[in-house]
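Structure, as structure tokens:
The values are calculated or read from the model by the stated rules, or taken from the named source; none is laboratory data. Treat the numbers as computed from the prediction; the structure is a model and nothing was measured. Cβ coordinates were reconstructed from backbone atoms using ideal geometry, including for glycine residues, and neighbour counts include every protein chain displayed.
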Amino acid sequence: MARIVGVVCTSHVPAIGNAIARGWQQEAYWKPFFDAYPAVHAWLEKVRPDGVVMLYNDHGLNFFLDKLPTFAIGAAERYSNADEGWGLPTIDPFPGYPALSWHLIESLVAEEFDLTSCQEMLVDHAFTVPMQLLWPRGAPWPVRTIPVCINTVQHPLPSAARCYKLGRAIGRALSAFPQDARVLVIGSGGLSHQLDGARAGFINKPFDELCLTQLVHQPEALIHYSNAELVRLAGTQGIELLMWIAARATLSEPVVKVHSHYHIPISNTASGLLVLEQETAVRNRDSEARAA
Ligand code: DHB
Ligand code: FE
């Protein structure tokens, strides 16, 4: 059976990828941001995921305005980075997990989520940056990956309530996978940011802090916001909060916060990090450690 070992929600600002490529982790601007991640690396050592479901938003790379699925899922053997942003050094391709992809597709379509299944898929910074932050040694990547895209490019976007339901359905599907797997769910994006228009540079710290709190114990409080309200509260690109809501929804209650971090700004973004685990998983891990 597949087990969700936890959820990591993290910002994916492309400048982070540039800082990694240049080795700037200890520079004054970057240190307060990167210092949050060793605690996550230590936690990953303990929970040992072998698969990743990455809930992220493609930024017009793999999908563009001509064809834009609301939800899409990769079912490829591997995924290559093709982010056009910073002229970064090549990132080794990420291994896919077709058996689990097809299981998710079967389960989700049966639950009336009609995702677009993609046997080829290019990934952008929203996929690569969380991977590099969580596994800074890079390739060979220690996990097989499944990209799941939520449309944040072309209106109408799916609502927070719909993304929450998608996350619940992914959680149910994972627990019904017949093979053993230890899956980490990643929510990529946010927190508040707006890159253009009259409010460019907009950041809303009180709202971000509210989200960081409610995502732990009361995620359903966030699903009543309309997307127009989320954009007003979090900025146009802050709508990436939808990924965090979907990722959080894959966990069953009760949930424990393992780690969190908030740092303003990275580029134009309020950078956020939240690591969650099911309380039962923490208890099982503690008793396994005592027995060992
Ligand atoms: C920035 C943030 C993003 O989420 C993104 O996709 C691109 C740029 C930024 O703050 O620079
Ligand atoms: Fe983004």
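Things to note:
- Residue-level analysis places Q132 outside the set of residues that are over 29 Å from W24 (Cα atoms) and either buried (at least 21 other Cβ atoms within 10 Å of the Cβ) or out of contact with any Pro (no Cβ under 9 Å at 6 or more places or on another chain) (or both).
- Options G197, G187; residue that is at pLDDT 95 or above and in a strand (DSSP E or B): G187
- Total residues in the stretch 265-279, condition within 16 Å of ligand 2 (Cβ to nearest atom) and assigned to a strand (DSSP E or B): 7
- Residue in the stretch 3-20 that is in contact (Cβ under 8 Å) with a residue 12 or more places away in the chain, over 22 Å from N268 (Cβ atoms), surrounded by fewer than 21 Cβ atoms within 10 Å (Cβ to Cβ) and under 18 Å from the mean Cα position of the chain (by Cα) present: yes
- Residues located in the stretch 125-154, provided they are out of contact with any Phe, Trp or Tyr (no Cβ under 8 Å at 6 or more places or on another chain) and part of a loop (DSSP other than H, G, I, E, B): R137, G138, A139, P140, T152, Q154
- Matching residues, the stretch 262-281, being crowded, with 22+ Cβ neighbours inside 10 Å, within 16 Å of ligand 1 (Cβ to nearest atom) and of a type in the set (V, I, T): T269
- The single residue among D83, D92 that is farther than 24 Å from D35 by Cβ and within 16 Å of ligand 2 (Cβ to nearest atom) turns out to be D83.
- Annotation note: of A21, A76, A15, the sole residue that is farther than 21 Å from K257 by Cα, within 16 Å of ligand 2 (Cβ to nearest atom) and among the hydrophobic types (A, V, I, L, M, F, W, C) is A15.
- In the set W141, W135, only one residue is at pLDDT 95 or above, away from ligand 1 (no atom under 16 Å from the Cβ) and within 16 Å of the chain's Cα centre (by Cα); that residue is W135.
- Residue match in the stretch 230-251 (condition: touching a Lys or Arg at 6+ places or on another chain (Cβ under 7 Å), modelled with pLDDT of 95 or more and away from ligand 2 (no atom under 16 Å from the Cβ)): yes
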